[in-house]
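Working notes, structure below.
The values are calculated or read from the model by the stated rules, or taken from the named source; none is laboratory data. It should be emphasised that the depicted structure is a prediction, and the values quoted were computed from it without experimental measurement. Glycine gets a Cβ as well: all are built from the backbone with ideal geometry, and neighbour counts include every protein chain shown.
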């Protein structure tokens, strides 16, 4: 169970969670003109105080009174339709931060021990290695920006070079997921945790050297398979006319509108683009390309790493996800700010081809054998801008440290978020080509095996 502030009477916890969930189920409380859904994570629900939500009505008055005894008004969440608690924490920070500025409040916070502190990066707090980095709870995120901690003023590092806290050793090999990156944990169903998919690369136009992010400069996704090699789909590179000087690769990104992550992203220019010789833009056959960067990525930080590539097709019951910063069809088709995480079932080749023949592709459509399919669950799908992002399936057993292999890359879909599955490049059919290119470029023995 997450840590609670000392002002909370813990004997009320189980009563409150049950009562709040029942209250939400019985009464469709209106919050900013939308219906609140039942709290999806009861452990976190005890730290909710619904306040500052426009249009709040009497349905929540009693809830406010229950919680008002235990919590300060700056430890609150506004829950919106389709939003779980951890997503609400991020939304709440923005609202609270805006109100703090209006009230000219200092950037102070309170630690779990009710000490006055400041919201800083983990590396800016003395003895921060004493903090349980792998189990940092959501409560700190409610007081501070979700990528910072509340550091007691007596432990603030104000001068000299800031040295990040020592880290557990990285596991050898490829494909290891590191949810939270030893810095921030978030259990949302809609976006990935910081460091959850360390191999995820954003492909961007090389229009400037600044650290900013503009959706119009985002080309698509890629997968790091070597210190100096990014795998992606060939069709995404048409936007830059296959000119390597017009693009760059960004590793370690998570929040595109924020540079406060404890570990920074890394940008690398592209020296060479290798496109599959049998790539067909008409049929999406052999839709694969390798990007050779001008210099290798530094893989020291815990939120970045190399992907494993699967030599086999995924099983039908595989636990798979895709990701990216493409359009979010559940958010007015805006490009995602935080890295999305999309759970996807595998669909067999014949079923997928038949389903797509019933779409605007027509009855003559044939699904090339270099493609596999996933999805087909309403409201769970990749979308425009996600092309090239990996389809990763878990290979480690339940309870073991999470490890994944990449089985596919987002190729195309007919519509976003419908019951139609989408097509993904079948990575297993590309392994030999990739291995040959590694040999041609005199690269090290493949890291992705």
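Could you tell me which numbered condition residue 323 fails, if it satisfies all but one of (1) free of Cβ contacts under 8 Å to residues at least 40 places away in the same chain; (2) under 20 Å from the mean Cα position of the chain (by Cα); (3) within 24 Å of residue 424 (Cα to Cα)?
Just one mismatch for residue 323, condition (1).
Would you say residue 384 is at pLDDT 90 or above and surrounded by fewer than 17 Cβ atoms within 10 Å (Cβ to Cβ)?
no
Taking the criterion of being surrounded by fewer than 17 Cβ atoms within 10 Å (Cβ to Cβ) and at negative phi, would at least one residue in segment 369-376 satisfy it?
Yes, some residue in segment 369-376 is surrounded by fewer than 17 Cβ atoms within 10 Å (Cβ to Cβ) and at negative phi.
Name, by its number, the condition in (1) at pLDDT below 95; (2) within 19 Å of residue 433 (Cα to Cα) that does not hold for residue 228.
Every listed condition holds for residue 228 apart from (1).
With the requirement that a residue be closer than 30 Å to residue 362 by Cα and part of a helix (DSSP H, G or I), what does segment 418-440 give you?
Matches in segment 418-440: 427, 428, 429, 430.
So is residue 298 surrounded by fewer than 17 Cβ atoms within 10 Å (Cβ to Cβ), under 16 Å from residue 407 (Cα atoms) and over 19 Å from the mean Cα position of the chain (by Cα) or not?
The answer is no for residue 298.
For segment 266-279: of the residues being in a loop (DSSP other than H, G, I, E, B) and in contact (Cβ under 8 Å) with a residue 24 or more places away in the chain, which is farthest from residue 179 (Cα to Cα)? Working first, answer last.
Within segment 266-279, the first condition is being in a loop (DSSP other than H, G, I, E, B), and the residues that meet it are 276-279.
Cutting the leftovers down to in contact (Cβ under 8 Å) with a residue 24 or more places away in the chain gives us 276, 279.
Values: 276: 33, 279: 35 Å.
Checked segment 266-279; the qualifying residue farthest from residue 179 (Cα to Cα) is 279.
From the list 235, 303, which residue is surrounded by 13 or more Cβ atoms within 10 Å (Cβ to Cβ), in contact (Cβ under 8 Å) with a residue 24 or more places away in the chain, outside any loop (DSSP other than H, G, I, E, B) and out of contact with any strand residue (DSSP E or B) (no Cβ under 6 Å at 6 or more places or on another chain)? Show your work before the answer.
On the way: 303 fails: outside any loop (DSSP other than H, G, I, E, B).
Among 235, 303, only 235 is surrounded by 13 or more Cβ atoms within 10 Å (Cβ to Cβ), in contact (Cβ under 8 Å) with a residue 24 or more places away in the chain, outside any loop (DSSP other than H, G, I, E, B) and out of contact with any strand residue (DSSP E or B) (no Cβ under 6 Å at 6 or more places or on another chain).
Take residue 323 and decide whether it is loosely packed, with under 13 Cβ neighbours inside 10 Å and either part of a loop (DSSP other than H, G, I, E, B) or modelled with pLDDT under 95 (or both). Write out each step before concluding.
Working: loosely packed, with under 13 Cβ neighbours inside 10 Å: no; either part of a loop (DSSP other than H, G, I, E, B) or modelled with pLDDT under 95 (or both): yes.
So residue 323 does not fit the description; no.
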